[in-house]
Amino acid sequence: MYFKRFMQLFLIFLISAAVLLGLVSTNFTGDFWLTVILSVLIAYLILILPLVALTVLKAKKKENTVGSQADGGEFSKILKELPGYIALSYSQNGNSSTSIMSYVQSEHAENVWYMVSDKRASKLKIIEQNSAVSFTSWFNHAAGDCRLSSNRVTAEIFEGEQILSELTNEPKIRSLHENAAKMALIKLTVHSALFESNKGDLRVFEFEK
């Protein structure tokens, strides 16, 4: 938990506690225990509703910043219509694993994406040993059941001081997590990608020259 979030929770807790004590002291029902029960319920609502609102707002803010936000070629236009998260697959010794990851697209290259991860995540060691990964996006029903996928992707891991230069060149990375500078950074370079839709559209995007 980070300081900003801690202060938000602490202030909400203080307000709910003050309301609880204030209501109990008035004994507004005339029955002490009934007053306590109703006061606890009211204080609980005062505590939980702002937390739910903060969580929803944070999710919506992230939803509006992750994925592709850049104006670019046809690939970026398709990417912009898709959810800002992918199923990232990686393998070790023949065993494959998949993680659901939010990403942001590079401002300088439409086939370069960034993701952040906890430094202790087991996937980092696997990716460091085998940088060849793959991904698939979710079908977007609103955009006609289309998706992107690729099994020709190279992943790089950055930690510590290495991240700072990436954050300078790609400030949108911070939208993935407020503490991105202290996390591990995963950089994906997509060499080719397959676009599919239920309308029968099928396109291959090649980025290698």
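The values are calculated or read from the model by the stated rules, or taken from the named source; none is laboratory data. Everything quoted here is computed from the prediction, not taken from an experiment. We place every Cβ from the backbone using ideal geometry, glycine too, and count neighbours over all the protein chains shown. Heavy atoms of the whole protein, side chains included, go into the accessibility calculation; ligands, DNA and RNA do not. Shrake-Rupley method; radii C 1.70, N 1.55, O 1.52, S 1.80 Å.
Within segment 84-96, is even one residue modelled with pLDDT under 90 and open to solvent by less than 30 Å² (accessible area, probe 1.4 Å)?
Yes, segment 84-96 contains a residue that is modelled with pLDDT under 90 and open to solvent by less than 30 Å² (accessible area, probe 1.4 Å).
Can you report the number of residues in segment 185-209 which are more than 14 Å from Trp113 (Cα to Cα) and either at pLDDT 85 or above or open to solvent by 30 Å² or more (accessible area, probe 1.4 Å) (or both)?
14
Rundown of residues vs (1) closer than 22 Å to Gln92 by Cα; (2) aliphatic (A, V, I, L, M); (3) in contact with a Leu (Cβ under 9 Å, 6 or more places away or on another chain), yes/no style:
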{"position": "Tyr114", "(1), (2), (3)": "yes, no, yes"}
{"position": "Lys123", "(1), (2), (3)": "yes, no, yes"}
{"position": "Asn130", "(1), (2), (3)": "yes, no, no"}
{"position": "Ser134", "(1), (2), (3)": "yes, no, yes"}
{"position": "Glu170", "(1), (2), (3)": "no, no, no"}
{"position": "Ile186", "(1), (2), (3)": "yes, yes, yes"}
{"position": "Leu194", "(1), (2), (3)": "no, yes, yes"}
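Note down all Cβ pairs under 7 Å where the first residue falls in segment 33-45 and is under 12 Å from Val19 (Cβ atoms), the second is of a type in the set (Val, Ile, Thr) and open to solvent by 70 Å² or more (accessible area, probe 1.4 Å), and they're at least six residues apart or on different chains.
Qualifying pairs under 7 Å: none.
Residue by residue through segment 166-181, note down the ones that are open to solvent by 30 Å² or more (accessible area, probe 1.4 Å) and in a helix (DSSP H, G or I).
Answer for segment 166-181, where residues must be open to solvent by 30 Å² or more (accessible area, probe 1.4 Å) and in a helix (DSSP H, G or I): Thr168, Asn169, Pro171, Lys172, Arg174, Ser175, Ala181.
Return the only residue of Leu34, Leu54 being of a type in the set (A, V, I, L, M, F, W, C), at pLDDT 85 or above and in a helix (DSSP H, G or I).
Sole residue among the options that is of a type in the set (A, V, I, L, M, F, W, C), at pLDDT 85 or above and in a helix (DSSP H, G or I): Leu34.
Looking at (1) of a type in the set (D, E, K, R); (2) touching a residue at least 12 places away in the same chain (Cβ under 8 Å); (3) touching a strand residue (DSSP E or B) at 6+ places or on another chain (Cβ under 9 Å), which is the only condition Glu178 fails?
(3)
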